[in-house]
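The values are calculated or read from the model by the stated rules, or taken from the named source; none is laboratory data. Quantities reported herein were computed from a predicted structural model and do not represent experimental measurements. So basically every Cβ, Gly included, is an ideal-geometry build from the backbone, and we count neighbours across all protein chains shown. SASA here: full protein model, heavy atoms, side chains in, ligands and nucleic acids out. Shrake-Rupley method; radii C 1.70, N 1.55, O 1.52, S 1.80 Å.
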Amino acid sequence: MSSAAIPRQDIVHWRALIQDGRATLADQFFQRHKAPTLLRQHAQLIDGILQNIWRDSDMPESAALIAVGGYGHGLLFPHSDVDLLLLLESEPSPEVASKLEQMIGIFWDIGLDVGHSVRTVSECQEESAKDVTVQTNLLEARKLAGSAKVFELLLSSLHDTLDRRAFLQAKLLEQQQRHARFHDTACNLEPNLKESPGGLRDLQTVLWISQALKLGNTWKELVAESLITAQEARQIQRNEQYLQSLRIRLHYLAKRREDRLLFDYQTPLAEQLGFKNQKNRSASELLMQRYYRTAKAVSLMNEILLQNLGARLRSAPESPPLPISDRFQARNQLLEACEEAVFQREPDAILECFHLLQRHKELKGISAPTLRALWRAVPLIDAGFRRDPVNRARFMAIIREPAGLTHILRRMNQYGVLARYIPAFGRIVGQMQHDLFHVYTVDEHTLMVLRNLRRFTVPEYSHEFPLCSRLIRTFERPEVLYLAALFHDIAKGRGGDHSKLGKADARRFCRKHGLNQEDTELICWLVESHLTMSSVAQKQDISDPEVIAAFGSNMRDERHLTALYLLTVADIRGTSPKVWNAWKSRLLENLYHATCRFLCGATSTGEQLDERQREALSILRQHAEPESAAQNLWGKLDEGYFMRHEAQEIAWHTRVLGRLEIEGTPFVRARLAPSGEGLQVMVYTPDREDLFARICGFFERVGFNIVEAKIHTTQNGDALDSFVVLDEEKRATHYRDLLNYIEYELAQELRQARPLEEPSRGRVSRQLKHFPIAPQVSIKPDEKGLYQVLSLIAGDRPGLLYGIARAFLAHGVHLHTAKINTLGERAEDTFLISGVLLDKTKAVLQFETELLKQLQS
């Protein structure tokens with residue numbers, strides 16, 4: 001865009017004014033820490049420059065320059081867009097259009113990020129009628145320069161046509177959709193200060209609606225309208241200013257508009273705000289806990305005020321209250337205290353309030369006056385309250401209620417009641433988890449686990465986890481599962497083993513709440529053992545009868561096993577949407593069924609092998625395969641093969657290989673994995689030292705993750721290897737084309753004798769960059785003493801497994817099985833290996849050193 005109408009020196013002057021003015025404002029902010037002052041003065045700085053440009057641009061007298069959006073409100077963050085409306089009385093002539101184009105070019109030339117629109121009054125009216133976002137922006141319109149007449153015309157037309165009821169509903173829907181994008185929680189590990197639930201947008205939404213209803217657009221004006229008290233207004237302002245301060249600092253740190261509290265900025269922000277590392281908590285964790293508690297308070301006031309504003313708009317007379325109990329009634333589908341003072345006079349009404357809300361599905365929430373009274377009464381939940389048998393019985397009644405538990409505990413957590421009633425839970429509210437696979441705070445993860453358990457009980461969701469749904473339907477006293485979920489991570493952040501510390505907390509709770517000995521022991525055992533089943537399934541060879549026997553011996557009985565299985569599935573699913581997959585689901589199901597068989601009277605290894613072969617033969621008969629196919633292949637295989645592979649895998653291998661005569665030619669077949677996710681790939685080829693490394697290199701190049709490998713050498717020296725791989729790129733390619741591609745390309749790769757490529761180091765993720773994982777290597781003999789178990793922990797990255805495979809090759813280590821377990825950005829891999837060097841201390845040390853080098857990210 002040309003800016004020839006304005007002298008160049010003026011543009012340079014204005015750019016310098018902006019740069020110098022912003023630098024001065026930044027210095028003042030870091031000296032005085034006054035967020036509202038910076039936001040107002042930054043807006044005023046830009047106001048003055050824009051007014052000068054307008055004056056020098058010879059605009060028509062009937063035009064006006066209008067600030068809209070947040071800038072219209074008179075507040076401007078350091079790197080936020082400057083939202084402008086160039087308002088015209090009528091369609092611009094070519095001359096005026098040229099002047100407008102030149103002026104907008106100047107805005108950009110002087111360093112402003114401008115969001116602009118050029119409209120007439122009638123166009124504004126038309127657009128705002130169709131788009132609530134445009135309507136909201138214009139609601140905060142503020143004249144900077146130009147015609148007062150055309151500006152007043154805009155305001156009067158907007159206010160005359162504003163449908164206040166429709167605006168309220170549109171903003172409520174907008175907020176609901178916005179919250180849904182963040183899974184309806186403020187407790188994401190990288191929250192958005194502006195858009196997340198409990199963020200600045202929640203406060204802006206309240207003021208937009210109150211302004212549309214002509215009730216004011218400041219907290220002071222809402223006090224005058226009796227929508228909030230002066231004390232509540234002060235608290236809102238404190239929370240708002242804290243969020244504003246964080247967002248200002250974030251913009252300065254990022255040197256651009258950035259509203260997400262990314263890991264990159266959490267530590268420097270914590271340092272700026274004076275947080276110090278503690279024994280078991282980092283400065284950034286303390287910062288984020290303060291943020292989460294602020295966001296909860298904002299969410300609560302947002303809920304109270306939106307209810308109050310909705311009540312002001314309601315034109316129909318209020319429906320008469322319907323009594324629910326001696327102390328509570330229902331009105332307009334909201335729970336209401338008969339007297340607002342009831343919580344102060346009778347604190348036990350606090351838990352009754354939640355229990356009634358849980359039991360009456362027709363109630364949509366708590367009325368604003370009752371919610372405000374409840375909020376003030378929360379400090380009354382003290383040691384005496386917790387000792388009261390009435391309150392203890394009421395809390396257990398809530399836990400045992402057949403429906404509504406997840407929603408009611410979320411509400412209790414949001415309003416601070418759960419943290420007061422279980423002080424240990426209060427310590428994990430807003431607590432970060434920097435383990436690179438949890439994406440929620442500890443309290444939010446805990447409630448997500450409980451939600452998953454409850455979801456198993458809902459018939460409409462039984463298709464998601466059929467086994468879990470079937471098991472929980474017949475599980476007596478399921479409240480033991482819910483209490484175990486509530487306590488399984490309750491001791492995180494204290495130092496020490498959180499499972500053992502949590503077990504002690506759970507035992508105290510059970511004793512105080514009158515649970516019988518059997519249920520108490522089960523809850524405590526679940527809390528202490530909640531990581532066991534996932535570890536065995538994902539790190540050990542669950543085809544090995546001795547692994548099943550050892551695990552089964554710790555299960556005591558089928559009730560313990562079922563409880564642990566249900567808790568484990570719910571726990572893994574509650575860490576992150578990305579951590580759970582069908583492969584892990586199948587591993588856990590297989591471990592559960594194998595352990596059930598053990599508990600019902602385990603058969604010998606020979607009997608299990610015979611049973612697996614009979615099952616494989618049955619599958620072959622279903623496919624009209626002759627038994628001779630099995631004889632041809634099975635004669636080359638030893639007992640270890642049959643114990644490590646499931647019957648359906650054996651049948652597949654037999655169908656494909658049993659009638660083939662392969663002489664020295666690599667043969668690859670692929671199919672959809674039985675779990676329903678990923679692919680299962682079989683490789684049959686003359687064995688060679690670099691085979692595993694070459695296969696790993698191939699899958700790395702084509703973008704597949706190996707999650708399981710079973711390596712077997714036949715009695716005639718051929719390799720029969722089986723892999724389960726997941727597609728990193730989620731390709732839309734038809735699966736048949738994908739199978740053909742892998743079969744052809746991998747076979748071609750194995751036919752070539754070219755040197756192995758160097759492993760790619762890959763790009764380290766942001767999470768790993770800021771919260772690195774110290775690599776760990778452990779080599780121990782297995783229980784039989786036949787093999788060594790290699791366990792590795794490291795930050796995950798592309799090329800990691802290929803680098804490990806090359807280390808195996810370089811040191812003459814033979815692989816038998818591999819479990820590749822990725823938890824978010826964390827890799828926890830287990831390999832069953834053998835090799836001559838593993839008997840030599842010096843050679844083992846060199847091997848471990850090489851592995852640590854490969855694991856360094």
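At least 1 residues being surrounded by fewer than 16 Cβ atoms within 10 Å (Cβ to Cβ) is the threshold, and among the helices (runs of 4 or more DSSP H) wholly inside region 162-240 those reaching it are 164-181, 219-224. Of all residues in region 162-189, those satisfying the criterion of being of a type in the set (D, E, K, R), out of contact with any Leu (no Cβ under 7 Å at 6 or more places or on another chain) and touching a residue at least 24 places away in the same chain (Cβ under 8 Å) are LYS171, GLU174.
When LYS149, LYS99, LYS143 are checked against the criterion of being in contact (Cβ under 8 Å) with a residue 40 or more places away in the chain, part of a strand (DSSP E or B) and of a type outside the set (A, V, I, L, M, F, W, C), a single residue qualifies: LYS143. Within region 453-462, one or more residues are surrounded by 19 or more Cβ atoms within 10 Å (Cβ to Cβ) and closer than 30 Å to ARG387 by Cα.
Within region 645-665, the only residue that satisfies the criterion of being crowded, with 20+ Cβ neighbours inside 10 Å and either in contact with a Lys or Arg (Cβ under 6 Å, 6 or more places away or on another chain) or in a loop (DSSP other than H, G, I, E, B) (or both) is HIS645. So which residues in region 683-719 are of a type in the set (Asp, Glu), surrounded by fewer than 22 Cβ atoms within 10 Å (Cβ to Cβ) and not in a strand (DSSP E or B), if there are any at all? Within region 683-719, ASP687, GLU689, ASP690 qualify. Within region 785-823, being open to solvent by 20 Å² or more (accessible area, probe 1.4 Å), in contact with a Pro (Cβ under 8 Å, 6 or more places away or on another chain) and in a strand (DSSP E or B) holds for GLN788, VAL789, ILE793.
For SER128, the test of being open to solvent by 30 Å² or more (accessible area, probe 1.4 Å), among the hydroxyl-bearing types (Ser, Thr, Tyr) and without any contact (Cβ under 8 Å) to a residue 60 or more places away in the chain is failed. The residues of region 613-630 that are outside any loop (DSSP other than H, G, I, E, B), open to solvent by 50 Å² or more (accessible area, probe 1.4 Å) and in contact (Cβ under 8 Å) with a residue 12 or more places away in the chain, listed by number, are GLU615, SER628. Where helices (runs of 4 or more DSSP H) sit wholly within region 465-583, none has at least 3 residues that are closer than 22 Å to LEU409 by Cβ, without any contact (Cβ under 8 Å) to a residue 60 or more places away in the chain and in contact with a strand residue (DSSP E or B) (Cβ under 6 Å, 6 or more places away or on another chain).
Consider region 553-578 and keep the residues that are under 30 Å from TYR787 (Cα atoms) and surrounded by fewer than 21 Cβ atoms within 10 Å (Cβ to Cβ). The one that is modelled with the lowest pLDDT is ARG556. Evaluate the following for VAL417: is it open to solvent by less than 20 Å² (accessible area, probe 1.4 Å), within 22 Å of VAL378 (Cα to Cα), over 21 Å from the mean Cα position of the chain (by Cα) and in contact (Cβ under 8 Å) with a residue 60 or more places away in the chain? Here the answer is yes, as VAL417 does meet what is asked.
Checked against (1) in contact with a helix residue (DSSP H, G or I) (Cβ under 8 Å, 6 or more places away or on another chain); (2) under 20 Å from ARG394 (Cα atoms); (3) of a type in the set (D, E, K, R), ARG508 meets all criteria but (1).
One line per residue, one yes/no per condition, for (1) hydroxyl-bearing (Ser, Thr, Tyr); (2) closer than 29 Å to SER284 by Cα; (3) part of a helix (DSSP H, G or I):
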residue: TRP375; (1), (2), (3): no, yes, yes
residue: ARG386; (1), (2), (3): no, no, yes
residue: ALA393; (1), (2), (3): no, no, yes
residue: ILE399; (1), (2), (3): no, no, yes
residue: ALA424; (1), (2), (3): no, yes, yes
residue: GLN431; (1), (2), (3): no, yes, no
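For SER299, the conditions (1) in contact with a helix residue (DSSP H, G or I) (Cβ under 6 Å, 6 or more places away or on another chain); (2) open to solvent by 10 Å² or more (accessible area, probe 1.4 Å) all hold with the exception of (1).
Conditions (1) within 24 Å of TYR252 (Cα to Cα); (2) in contact with a Pro (Cβ under 7 Å, 6 or more places away or on another chain); (3) at pLDDT below 90; (4) crowded, with 17+ Cβ neighbours inside 10 Å, marked per residue:
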position: ARG40; (1), (2), (3), (4): yes, no, no, no
position: ALA43; (1), (2), (3), (4): yes, no, no, yes
position: ILE66; (1), (2), (3), (4): no, no, no, yes
position: LEU76; (1), (2), (3), (4): yes, no, no, yes
position: ARG119; (1), (2), (3), (4): no, no, no, yes
position: THR133; (1), (2), (3), (4): no, no, yes, no
position: SER147; (1), (2), (3), (4): no, no, no, yes
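Contact annotation: residue pairs with Cβ atoms under 6 Å, 6 or more positions apart or on different chains, pairing a residue in region 211-233 that is in contact (Cβ under 8 Å) with a residue 60 or more places away in the chain and within 17 Å of ALA311 (Cβ to Cβ) with a partner that is β-branched (Val, Ile, Thr) and open to solvent by less than 50 Å² (accessible area, probe 1.4 Å), are LEU222/ILE228.
When each of LEU322, LEU357 is tested for being open to solvent by 40 Å² or more (accessible area, probe 1.4 Å), over 21 Å from GLY426 (Cβ atoms) and aliphatic (A, V, I, L, M), the lone residue that passes is LEU322. Count of region 826-857 residues, restricted to those that are outside any helix (DSSP H, G or I), under 10 Å from GLN788 (Cβ atoms) and free of Cβ contacts under 8 Å to residues at least 60 places away in the same chain, is 4.
The numbered conditions (1) modelled with pLDDT of 95 or more; (2) touching a helix residue (DSSP H, G or I) at 6+ places or on another chain (Cβ under 6 Å) are all true for LEU357 except (2).
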